[in-house]
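Asker: Right, I'll just put the structure down here and ask away after.
The values are calculated or read from the model by the stated rules, or taken from the named source; none is laboratory data. Please read these numbers as outputs of a predicted model, since none were measured by experiment. Don't worry about glycine lacking a Cβ; one is built from the backbone with ideal geometry, like all the others, and counts go over all protein chains shown. Quick note on the areas: whole protein, heavy atoms, side chains included, nothing else; ligands and nucleic acids left out. Shrake-Rupley method; radii C 1.70, N 1.55, O 1.52, S 1.80 Å.
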Amino acid sequence: MTVSAGDAGLAIASEGLTKRFRGGQLAVSDLSLEVPRGSVYGFLGPNGSGKTTTIRMLLGLAFPTSGTAELLGVKVPGHANQVLSRVGSLVEGPAFYPFLSGWDNLARYDAADASASPKTAKARIGEALERVGLSNAARKRFRNYSLGMKQRLAIAAGLLQPRDLIILDEPTNGLDPQGTREVRSLIRHIAADGITVFVSSHLLAEVEQVSSHVGVMRGGKLVFQGSLPDLRRTGTARISVRTADEEAASAVFARLGLADSATVPGTASAALGDAEPEKVCAELVHAGVGVRGLSVETPSLEDLFVGLTGEGFDVER
Amino acid sequence: MSSADVAGTTAAPAEAAGAGEEQRSVRSYGRFLRSELRLVFRRRRNQLLLLVVALFPLLIGIALKIASPHGGRGGGGPNNGAAFFAQLAGNGVFLTFIALTMLLILVLPVVVAIVSGDSVAGEAGYGTLRYLLAVPAGRTRLLSVKYLAIVCFAVAATFIVAIVALVTGLVLFPAGPVTLLSGDTVPLASGLLRVLYVTLYISFAMAAVGAIGLAISTFTEHGIGAIAAVMILIVASEVTDQVPQFASAGPYLPTHWWTMFAALLRSPVDTTTLWHGLASFAAYTVIFVLIAWARFTTTDVTS
């Protein structure tokens, strides 16, 4: 899990990243992120699990209490200004000057960028607006934008310059299903250009379709990190048999070495492990258990996610 | 439109390192500063503030014209205002000094407090601060641009008062050689030069107020709170300066040297007083810009 400065394979790398607020609350604890270049990394966790604080540290907005972080191989927050022009970001919702038009708002952020060429500003702003479908609203004041338009303008700001990494914090927050779909398709397009996308969400379903990798946060700690297939593999399939004789079925499971055996009236179940279901079935029949039905259930990603993060509602800290 | 295309059209031609790099960073700083100036000067609220400071000298001039006594050139009294009023009937140039003296009490500092107090706190309130820093604008770079824009606004407000007052004064009252507070008479051109010096002196004073506002602005996300804090500070300083028991602290107060520009209206000019004033403004500017910098470059942006 160690990360060296020269690790070219990672777009984001952190080691022991920790943030303790002044009140003493531990917001992020010993976080070691590994976001491969070219991946779409879903950064998941319930609200308040430390996602935004992590993103703030990555962008040099907040200073870590301890630990180190690197963006594209450059240490942050120490050398953040050297690398951030290659990183587009959306942090905690869109923020613009309400009294300026969409175009003027983008021009403002572009003017603040020391690496942006003023000669191409017009073309770049126009292209960014077109890419998010806001060309027709370019001259409208930001305060008159709808929520979805605001969100898209924020993504446009992230696309003003050619980027190597895009960090999106809850990009679909407050959007209708239509807007959510649009954002998802934008993420796909960005990723198709070879740009690494780091997208946070409290809903697995929002990023499941677009991400190649996920990191799951709970109470400031990273409780899982890996590819989606990796996450699926952490789930254990269960075999369950419908029968009048649950005890006999359980005995067969035990004999076959299946763990986690459980019975409810009419059904016996156990973790399948490496056993083959057809073989288990044959053994059951062989042992004289009246099998009325047999099924193998793999937990959905949602189930795994909830298992990792808890049921929600109860604030953990 | 893929980002590869964007990259193709935006890739700047390879520039020579060193001098070219430096030139580019100067040019990009200029662009950022122009953007900040546009933001400050095109903002409706700030334009309204400048309009208000422009109206004051006009109204003061008209009011004094209506209530005008019949001439009478008196010598300088102990009080700036009274002495200026006495002079005005004889020379319109004095409307500049009257207007500046009156607006210095509250209006000009308030206008500078609004723009400076809102400078960083306002961005934090909108949430644009986090995006500017993520751009990255650079914390020190952003702060310096903010302060330069505040200074430009403070100087503009001061000069607007002076210019409107001068024009109004010359239209409503006679013009001619200027009789100074010390009783000497100097030619009109020399009098106008003194108007310019006075305006510059007050501009420096307002730039120092801007530095105080900038520093306070880095401590909060609420522009209104920062503005109020600056105003309370100014009024507290002015009141303290009037209390005889605190006379020894007077020279160290931020407002103490503001009205000392009257030294420019005597012959010979008391340059010691002026330099003391300018030194006080410079000290306040440096101290509070440093406080702003120390705070802004080390704190988490949580807005």
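Asker: Of everything in region B:255-303, what is in a helix (DSSP H, G or I) and either of a type in the set (Gly, Ala, Ser) or in contact with a strand residue (DSSP E or B) (Cβ under 6 Å, 6 or more places away or on another chain) (or both)? Give them in sequence order.
Answerer: Once the filter is applied, which keeps residues that are in a helix (DSSP H, G or I) and either of a type in the set (Gly, Ala, Ser) or in contact with a strand residue (DSSP E or B) (Cβ under 6 Å, 6 or more places away or on another chain) (or both), region B:255-303 yields B:ALA262, B:ALA263, B:GLY277, B:ALA279, B:SER280, B:ALA282, B:ALA283, B:ALA292, B:ALA294.
Asker: Go through the residues of region A:34-45 one by one and say whether even a single one is open to solvent by 20 Å² or more (accessible area, probe 1.4 Å), in contact with a helix residue (DSSP H, G or I) (Cβ under 9 Å, 6 or more places away or on another chain) and at the interface with chain B (Cβ under 9 Å from one of its Cβ atoms).
Answerer: So far as region A:34-45 goes, no, none of its residues is open to solvent by 20 Å² or more (accessible area, probe 1.4 Å), in contact with a helix residue (DSSP H, G or I) (Cβ under 9 Å, 6 or more places away or on another chain) and at the interface with chain B (Cβ under 9 Å from one of its Cβ atoms).
Rundown of residues vs (1) more than 20 Å from the chain's Cα centre (by Cα); (2) open to solvent by less than 10 Å² (accessible area, probe 1.4 Å), yes/no style:
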position	(1), (2)
B:CYS152	no, no
B:VAL155	no, no
B:THR179	yes, no
B:GLY183	yes, no
B:ILE202	no, yes
B:MET206	no, yes
B:GLY213	no, yes
B:VAL230	no, yes
B:GLU238	no, no
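Asker: Any residue in region B:280-300 that's within 14 Å of another protein chain (Cβ to nearest Cβ): show its pairings with residues that are among the small types (Gly, Ala, Ser) at Cβ separation under 6 Å, as long as the two are six or more apart or on different chains.
Answerer: Matching pairs, first to second residue: B:ASP300/A:ALA62.
Asker: Kindly indicate which of B:ARG38, B:ARG27 is at pLDDT 95 or above, facing chain A (nearest Cβ under 9 Å) and open to solvent by 80 Å² or more (accessible area, probe 1.4 Å).
Answerer: Values: B:ARG27 fails: at pLDDT 95 or above.
After ruling out the rest, the residue left standing is B:ARG38.
Asker: Right, here's the next one. Would you point out the residue of region A:51-80, among those that are in a loop (DSSP other than H, G, I, E, B), in contact (Cβ under 8 Å) with a residue 24 or more places away in the chain and closer than 19 Å to A:LEU26 by Cβ, that is most open to solvent (accessible area, probe 1.4 Å)?
Answerer: A:THR65
Asker: While we're here: Go over the candidates B:LEU264, B:LEU253 one by one and state the one that is within 30 Å of B:PRO187 (Cβ to Cβ), open to solvent by less than 50 Å² (accessible area, probe 1.4 Å) and aliphatic (A, V, I, L, M). Walk me through how you get there before you give the answer.
Answerer: Working: B:LEU253 fails: within 30 Å of B:PRO187 (Cβ to Cβ).
None of the others qualify; the one that does is B:LEU264.
Asker: Given the criteria in a loop (DSSP other than H, G, I, E, B), under 20 Å from the mean Cα position of the chain (by Cα) and at pLDDT 90 or above, does B:THR220 qualify?
Answerer: When the stated conditions are applied, B:THR220 does not pass them.
Asker: For region A:261-274, what are the residues that are buried (at least 16 other Cβ atoms within 10 Å of the Cβ), small (Gly, Ala, Ser) and part of a strand (DSSP E or B)?
Answerer: A:ALA268, A:SER269, A:ALA270
Asker: From the residues in region A:187-212 that are open to solvent by 10 Å² or more (accessible area, probe 1.4 Å) and within 12 Å of another protein chain (Cβ to nearest Cβ), which one is nearest to A:VAL132 (Cα to Cα)?
Answerer: A:HIS189
Asker: If you check A:LEU258 against the conditions, is it open to solvent by less than 60 Å² (accessible area, probe 1.4 Å), touching a helix residue (DSSP H, G or I) at 6+ places or on another chain (Cβ under 9 Å) and part of a loop (DSSP other than H, G, I, E, B)? Write out each step before concluding.
Answerer: On the way: open to solvent by less than 60 Å² (accessible area, probe 1.4 Å): yes; touching a helix residue (DSSP H, G or I) at 6+ places or on another chain (Cβ under 9 Å): yes; part of a loop (DSSP other than H, G, I, E, B): yes.
Criteria met by A:LEU258.
Asker: Now for a separate question. Is it the case that A:LEU168 is hydrophobic (A, V, I, L, M, F, W, C) and assigned to a loop (DSSP other than H, G, I, E, B)?
Answerer: Considered against the rule, which asks whether it is hydrophobic (A, V, I, L, M, F, W, C) and assigned to a loop (DSSP other than H, G, I, E, B), A:LEU168 comes out as no.
Asker: While we're here: Could you please let me know if B:ILE287 is closer than 29 Å to B:GLY125 by Cβ and not small (Gly, Ala, Ser)?
Answerer: Numbers: closer than 29 Å to B:GLY125 by Cβ: yes; not small (Gly, Ala, Ser): yes.
Yes; evaluated as a whole, the condition is true for this residue.
Asker: Still on this structure, please answer the following. Could you please let me know if A:ASP169 is touching a Ser or Thr at 6+ places or on another chain (Cβ under 7 Å), at pLDDT 85 or above, more than 24 Å from A:SER32 (Cα to Cα) and charged (D, E, K, R)?
Answerer: Against the criterion (touching a Ser or Thr at 6+ places or on another chain (Cβ under 7 Å), at pLDDT 85 or above, more than 24 Å from A:SER32 (Cα to Cα) and charged (D, E, K, R)), A:ASP169 does not qualify.
Asker: Condition test on B:SER144, is it within 13 Å of chain A (Cβ to nearest Cβ), surrounded by fewer than 22 Cβ atoms within 10 Å (Cβ to Cβ) and free of Cβ contacts under 8 Å to residues at least 60 places away in the same chain?
Answerer: yes
Asker: Would you please name the residue that is most open to solvent (accessible area, probe 1.4 Å), looking only at residues in region A:146-164 that are assigned to a loop (DSSP other than H, G, I, E, B) and within 14 Å of another protein chain (Cβ to nearest Cβ)?
Answerer: A:ASP164
Asker: Hey, another quick one. Anything in region B:106-141 that is aliphatic (A, V, I, L, M), within 12 Å of chain A (Cβ to nearest Cβ) and closer than 14 Å to B:THR302 by Cα? List them, or say none.
Answerer: First, pick out the residues of region B:106-141 that are aliphatic (A, V, I, L, M): B:106-108, B:110-115, B:120-121, B:124, B:129, B:132-135, B:137.
Now drop any that are not within 12 Å of chain A (Cβ to nearest Cβ), which leaves B:124, B:129, B:132-135, B:137.
The answer is B:ALA124, B:LEU129, B:LEU132, B:LEU133, B:ALA134.
Yes/no per residue for (1) under 15 Å from A:VAL40 (Cβ atoms); (2) within 15 Å of the chain's Cα centre (by Cα):
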{"site": "A:ASP169", "(1), (2)": "yes, yes"}
{"site": "A:GLU182", "(1), (2)": "no, no"}
{"site": "A:VAL207", "(1), (2)": "yes, yes"}
{"site": "A:LYS221", "(1), (2)": "no, yes"}
{"site": "A:GLN225", "(1), (2)": "yes, yes"}
{"site": "A:VAL241", "(1), (2)": "no, no"}
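Asker: Which ones in region A:81-99 are within 21 Å of A:PHE43 (Cα to Cα) and either at the interface with chain B (Cβ under 7 Å from one of its Cβ atoms) or in a strand (DSSP E or B) (or both)?
Answerer: Answer for region A:81-99, where residues must be within 21 Å of A:PHE43 (Cα to Cα) and either at the interface with chain B (Cβ under 7 Å from one of its Cβ atoms) or in a strand (DSSP E or B) (or both): A:LEU84, A:VAL87, A:GLY88, A:SER89, A:LEU90, A:VAL91.
Asker: Turning to a different aspect of this structure: Could you tell me whether region B:149-167 includes any residue that is within 14 Å of another protein chain (Cβ to nearest Cβ) and either in contact with a helix residue (DSSP H, G or I) (Cβ under 6 Å, 6 or more places away or on another chain) or on the phi < 0 side of the Ramachandran plot (or both)? Let's see the steps before the verdict.
Answerer: Residues of region B:149-167 that are within 14 Å of another protein chain (Cβ to nearest Cβ), as a first pass: B:149.
If we keep only those that are either in contact with a helix residue (DSSP H, G or I) (Cβ under 6 Å, 6 or more places away or on another chain) or on the phi < 0 side of the Ramachandran plot (or both) too, we end up with B:149.
Among the residues of region B:149-167, at least one is within 14 Å of another protein chain (Cβ to nearest Cβ) and either in contact with a helix residue (DSSP H, G or I) (Cβ under 6 Å, 6 or more places away or on another chain) or on the phi < 0 side of the Ramachandran plot (or both), which makes the answer yes.
Asker: What about A:ASP245, is it surrounded by 12 or more Cβ atoms within 10 Å (Cβ to Cβ) and not hydrophobic (A, V, I, L, M, F, W, C)?
Answerer: When the stated conditions are applied, A:ASP245 passes them.
Asker: Just to be sure I understand, how many residues within region A:100-118 are open to solvent by 10 Å² or more (accessible area, probe 1.4 Å), in a helix (DSSP H, G or I) and hydrophobic (A, V, I, L, M, F, W, C)?
Answerer: 2
Asker: Continuing with the same structure: Hey, can you tell me all the residues within region A:101-141 that are over 10 Å from A:ALA156 (Cβ atoms), of a type in the set (Asp, Glu) and within 7 Å of another protein chain (Cβ to nearest Cβ)?
Answerer: A:ASP113
Asker: Kindly indicate whether A:VAL183 is of a type in the set (A, V, I, L, M), surrounded by 15 or more Cβ atoms within 10 Å (Cβ to Cβ), assigned to a helix (DSSP H, G or I) and out of contact with any strand residue (DSSP E or B) (no Cβ under 7 Å at 6 or more places or on another chain).
Answerer: Taking the combined requirement at face value, the residue satisfies it.
Asker: A further question follows. Looking at region A:12-33, can you tell me whether even one residue there is facing chain B (nearest Cβ under 10 Å), out of contact with any Cys (no Cβ under 8 Å at 6 or more places or on another chain) and in contact (Cβ under 8 Å) with a residue 40 or more places away in the chain?
Answerer: yes
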